[in-house]
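Engineer: So that we are looking at the same thing, I have put the structure below in structure tokens.
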Amino acid sequence: MDQRKIQDAIALLDHEVPRDGAHVKLHQYGGGPDEGQVVANEAGFLRLGIEFLKGAFAPSGHRGEAAAVEIDLEYLVTSDSSINFDWFERRAAPEVTPPNPAPRVVPVLIFTALAAGVVLSLIGFVTVVRWLAA
């Protein structure tokens, strides 16, 4: 991959696609972060893509962090957007969090407790029946 050619292509796109009239609305329509939508006009989608492409080569280090990059969305995102991004970070690899074992352990513990309760109840029932029969 020739990074110089890519940077030249990004600069050309940045020059050719006007900022005027471009708009993007970032909207969360539901209760969680997985319920969002991006509504934009053609120029808005193009400008959004250009700004993210520029982030791949932007100098890092603003806000005192080495991985933070400056991406300008202020002119693009509409004021009625319900989602806002104030931080963009470039990393070589995604940060992977280890899986939480609790969702797997809890059902096993509940099943074990119920099974133990059934077994102990049967032992107690058999013991009482034998005691009464003697």
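The values are calculated or read from the model by the stated rules, or taken from the named source; none is laboratory data. In this text the structure is predicted, and so the values were computed from the model without any measurement. All Cβ positions, glycine included, derive from the backbone under ideal geometry; neighbour counts span all protein chains shown.
Engineer: Is it the case, given these coordinates, that Pro33 is assigned by TED's automatic domain parsing to the domain that holds Arg90 and touching a helix residue (DSSP H, G or I) at 6+ places or on another chain (Cβ under 8 Å)?
Structural biologist: no
Engineer: Inspect all residues belonging to the stretch 57-73 and state whether any of them is in contact with a Phe, Trp or Tyr (Cβ under 8 Å, 6 or more places away or on another chain) and farther than 25 Å from His15 by Cα. Quick ask: steps written out before the conclusion?
Structural biologist: Of all residues in the stretch 57-73, those in contact with a Phe, Trp or Tyr (Cβ under 8 Å, 6 or more places away or on another chain) come to 63, 68-71, 73.
Imposing the further condition that a residue be farther than 25 Å from His15 by Cα reduces the set to 63.
Yes, there is a match, as at least one residue in the stretch 57-73 is in contact with a Phe, Trp or Tyr (Cβ under 8 Å, 6 or more places away or on another chain) and farther than 25 Å from His15 by Cα.
Engineer: Within the stretch 71-95, track down each residue that is exposed (fewer than 13 other Cβ atoms within 10 Å of the Cβ), farther than 16 Å from Phe52 by Cβ and modelled with pLDDT of 80 or more.
Structural biologist: Those that are exposed (fewer than 13 other Cβ atoms within 10 Å of the Cβ), farther than 16 Å from Phe52 by Cβ and modelled with pLDDT of 80 or more: Ser79, Asp80, Ser82.
Engineer: Looking only at the stretch 85-98, decide whether some residue is in the same structural domain as Gln7 (by TED's automatic domain parsing), over 30 Å from Gln7 (Cβ atoms) and either of a type in the set (D, E, K, R) or more than 20 Å from the chain's Cα centre (by Cα) (or both).
Structural biologist: No - not one qualifying residue is present in the stretch 85-98.
Engineer: Which residues, counting only those in the stretch 79-134, are touching a residue at least 24 places away in the same chain (Cβ under 8 Å) and acidic (Asp, Glu)?
Structural biologist: Asp80, Glu89
Engineer: Considering only the stretch 121-130, I want to know if a residue exists there that is of a type in the set (D, E, K, R) and surrounded by 10 or more Cβ atoms within 10 Å (Cβ to Cβ).
Structural biologist: Of the residues in the stretch 121-130, the ones of a type in the set (D, E, K, R) are 130.
Of the ones still in play, those that are also surrounded by 10 or more Cβ atoms within 10 Å (Cβ to Cβ) are none.
No, the stretch 121-130 contains no residue that is of a type in the set (D, E, K, R) and surrounded by 10 or more Cβ atoms within 10 Å (Cβ to Cβ).
Engineer: Which condition number does Val17 fail, the rest of (1) closer than 24 Å to Arg91 by Cα; (2) of a type outside the set (Asp, Glu); (3) modelled with pLDDT of 95 or more being met?
Structural biologist: (1)
Engineer: Working carefully through the options Ala133, Ala68, find the one that is surrounded by fewer than 10 Cβ atoms within 10 Å (Cβ to Cβ), aliphatic (A, V, I, L, M) and at pLDDT below 90.
Structural biologist: Just a single option satisfies the conditions, and that option is Ala133.
Engineer: Could you check, for the stretch 20-35, whether at least one of its residues is in a helix (DSSP H, G or I) and either closer than 27 Å to Glu95 by Cα or under 21 Å from the mean Cα position of the chain (by Cα) (or both)?
Structural biologist: no
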